[in-house]
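The structure appears below as structure tokens.
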Amino acid sequence: MTDPASVPDPWPARRAIGPVTATVALPGSKSLTNRALVLAALSDGPSVVRRALRSRDTELMARALTVLGSAVDTTGDDWVVTPGPITGPATVECGLAGTVMRFVPPVAALARGKVLFDGDPHARTRPMGEVLAALRALGVVVEDEGRGLLPFTVVGSGRVPGGTVTIDASASSQFISALLLAGSRYDHGVDVLHVGKPVPSLPHIEMTVDQLRLHNVEVVDSEPNRWKVLPSTVRAVDVTIEPDLSNAAPFLAAAMVSGGEVTVRDWPRRTTQAGDVLRDVLTRMGGEADLGDGGLTVRGTGTIHGIDLDMHDIGELTPAVAALCVLADSPSYLRGIAHIRGHETDRIAALARELGALGADVTETADGLEIRPAPLHGGVFHTYADHRMAHAGVIVGLAVDGVLVENIATTSKTFPDFPAAWTRLA
């Protein structure tokens with residue numbers, strides 16, 4: 001077990017001493033906010049992104065679009081975006097944000113001049129090669145010394161010919177969304193054909209298509225593994241951002257762990273967010289879920305059951321679900337998530353290591369985790385600068401004394417006030 005004294009900021013996870021009863025208002029979706037910002041910057045006039053998430057990832061996106069020529073006013077809860085000519089030279093700081101490092105280069109390709117991209121040390125290990133190769137195939141000059149990783153430079157000529165491109169997006173659906181978001185501004189649009197293993201996180205591509213259509217961009221997606229965006233003007237549209245449903249996972253898990261009742265306000269009746277599947281997952285694990293006018297309410301029954309679940313399309317929920325599984329009364333099998341090895345950290349390996357360090361019986365497989373009931377104990381839970389890993393740590397801490405979460409501040413990636421919100425809950 002790691003010595004707590006050797007960890008810079010071990011944060012004591014809150015232990016639930018009785019049934020948790022709470023109503024929670026979540027910040028906006030990072031995925032929707034950053035898609036909305038990109039499309040607003042490509043639009044034919046000013047627009048407003050209402051209830052935008054204010055977090056490190058979204059502020060990095062706002063700054064990236066600003067250095068490329070747009071004005072993004074983030075002073076209020078509703079962010080105003082005024083598009084300008086896309087310009088270079090510029091430097092884009094990506095942090096650890098996959099949406100910035102992948103969504104912005106196809107936009108930067110429309111600039112005149114060089115645009116340098118770089119980010120946090122771990123960001124330099126996240127796969128980028130398919131996006132860069134696709135841009136080259138579409139007529140864009142990219143300088144990366146053959147690494148297919150950050151740092152790299154997009155050399156814009158003021159226009160992109162566009163056309164048809166074949167990529168392998170089995171490592172991330174963001175590769176496809178990146179090309180679709182900017183494709184309507186290319187001379188011939190973009191026609192993206194995926195080859196390889198199934199695309200993970202398909203709901204995120206559906207989210208991208210929905211947002212494009214909202215901006216009057218024509219998308220043809222009638223053929224499996226193929227998405228075509230026709231060249232057109234991106235209409236300026238004011239949008240309202242839904243709550244981030246994946247951020248609901250630890251709060252709803254609190255109801256499951258404590259046998260309590262938690263309501264997440266403003267849960268949408270229709271959404272493309274992957275987090276919506278929590279309603280089904282938590283029910284299968286022994287909870288009760290009701291979607292009403294006040295939001296989504298989950299009630300714990302005092303028992304958590306194991307689950308056999310293909311999480312290919314909902315990989316971002318894996319840390320929270322895995323944390324519930326170590327508290328379950330029967331084995332669990334989480335499958336189809338090899339792609340999350342390329343997220344903020346190798347989430348499969350990290351979960352096996354950190355849950356195991358707390359006593360969990362966890363086996364790492366090629367594409368997932370096998371988890372069996374075992375006695376748990378306290379200790380330091382490392383997060384690897386990954387906000388979803390922190391979620392796993394606090395969930396286990398609800399039921400286990402002495403869990404210390406390292407770098408709880410990493411939750412600011414998508415939920416700036418998470419520690420205070422969690423403290424109020426537990």
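Summary table below
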item: Selection within the range 143-181 - part of a loop (DSSP other than H, G, I, E, B) and over 24 Å from ASP120 (Cα atoms); result: GLY158, ARG159, VAL160, PRO161, GLY162, ASP168
item: Any hit, the range 128-140, residues being out of contact with any strand residue (DSSP E or B) (no Cβ under 7 Å at 6 or more places or on another chain), free of Cβ contacts under 8 Å to residues at least 24 places away in the same chain and of a type in the set (Gly, Ala, Ser); result: yes
item: Neighbours by Cβ (under 6 Å, 6+ apart or cross-chain): first from the range 186-214, outside the structural domain of LEU317 (by TED's automatic domain parsing); second assigned to a loop (DSSP other than H, G, I, E, B) and of a type in the set (A, V, I, L, M, F, W, C); result: TYR186/VAL160; GLY189/LEU230; HIS194/ALA169; VAL199/ALA169; LEU214/VAL237
item: Qualifying residue in the range 195-203 (condition: outside any loop (DSSP other than H, G, I, E, B) and at pLDDT below 95); result: yes
item: Odd one out for ARG51 among (1) at positive phi; (2) touching a Lys or Arg at 6+ places or on another chain (Cβ under 6 Å); result: (2)
item: Any chance THR318 is in contact with a Leu (Cβ under 8 Å, 6 or more places away or on another chain), free of Cβ contacts under 8 Å to residues at least 12 places away in the same chain, of a type outside the set (A, V, I, L, M, F, W, C) and assigned by TED's automatic domain parsing to the domain that holds PRO250; result: no
item: Pair list, Cβ under 6 Å, 6 or more apart: the range 159-177 residue under 19 Å from LEU230 (Cα atoms), other residue surrounded by 17 or more Cβ atoms within 10 Å (Cβ to Cβ) and hydroxyl-bearing (Ser, Thr, Tyr); result: VAL160/TYR186; GLY162/TYR186; SER177/THR208
item: 3 or more residues farther than 25 Å from VAL92 by Cβ and modelled with pLDDT of 95 or more: qualifying strands (runs of 3 or more DSSP E) within the range 5-79; result: 21-24
item: Top-ranked residue in the range 366-383 [being over 25 Å from the mean Cα position of the chain (by Cα) and either of a type in the set (A, V, I, L, M, F, W, C) or not assigned by TED's automatic domain parsing to the domain that holds ILE395 (or both); ranked as farthest from LEU355 (Cα to Cα)]; result: ALA374
item: The one condition in (1) assigned by TED's automatic domain parsing to the domain that holds GLY98; (2) in contact with a helix residue (DSSP H, G or I) (Cβ under 7 Å, 6 or more places away or on another chain); (3) of a type in the set (A, V, I, L, M) that VAL237 fails to fulfil; result: (1)
item: Subset of the range 202-218 (residues that are over 23 Å from the mean Cα position of the chain (by Cα) and surrounded by 18 or more Cβ atoms within 10 Å (Cβ to Cβ)); result: VAL217
item: Candidate set from the range 381-405 (those that are surrounded by fewer than 23 Cβ atoms within 10 Å (Cβ to Cβ) and either among the basic types (Lys, Arg) or in contact with a Ser or Thr (Cβ under 7 Å, 6 or more places away or on another chain) (or both)); member that is nearest to ASN34 (Cα to Cα); result: ALA385
item: Residues located in the range 355-396, provided they are farther than 19 Å from HIS122 by Cα and either part of a helix (DSSP H, G or I) or among the basic types (Lys, Arg) (or both); result: LEU355, GLY356, ALA357, ARG372, HIS391, ALA392, GLY393, VAL394, ILE395, VAL396
item: Residue, farthest from MET101 (Cα to Cα), within the range 25-46, restricted to residues that are crowded, with 24+ Cβ neighbours inside 10 Å and among the polar types (S, T, N, Q); result: SER29
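The values are calculated or read from the model by the stated rules, or taken from the named source; none is laboratory data. Only a predicted model underlies this, so the values are computations on that prediction, with no experimental measurement involved. Positions of Cβ are generated from backbone atoms using ideal geometry, with glycine treated the same way; all protein chains shown enter the neighbour counts.
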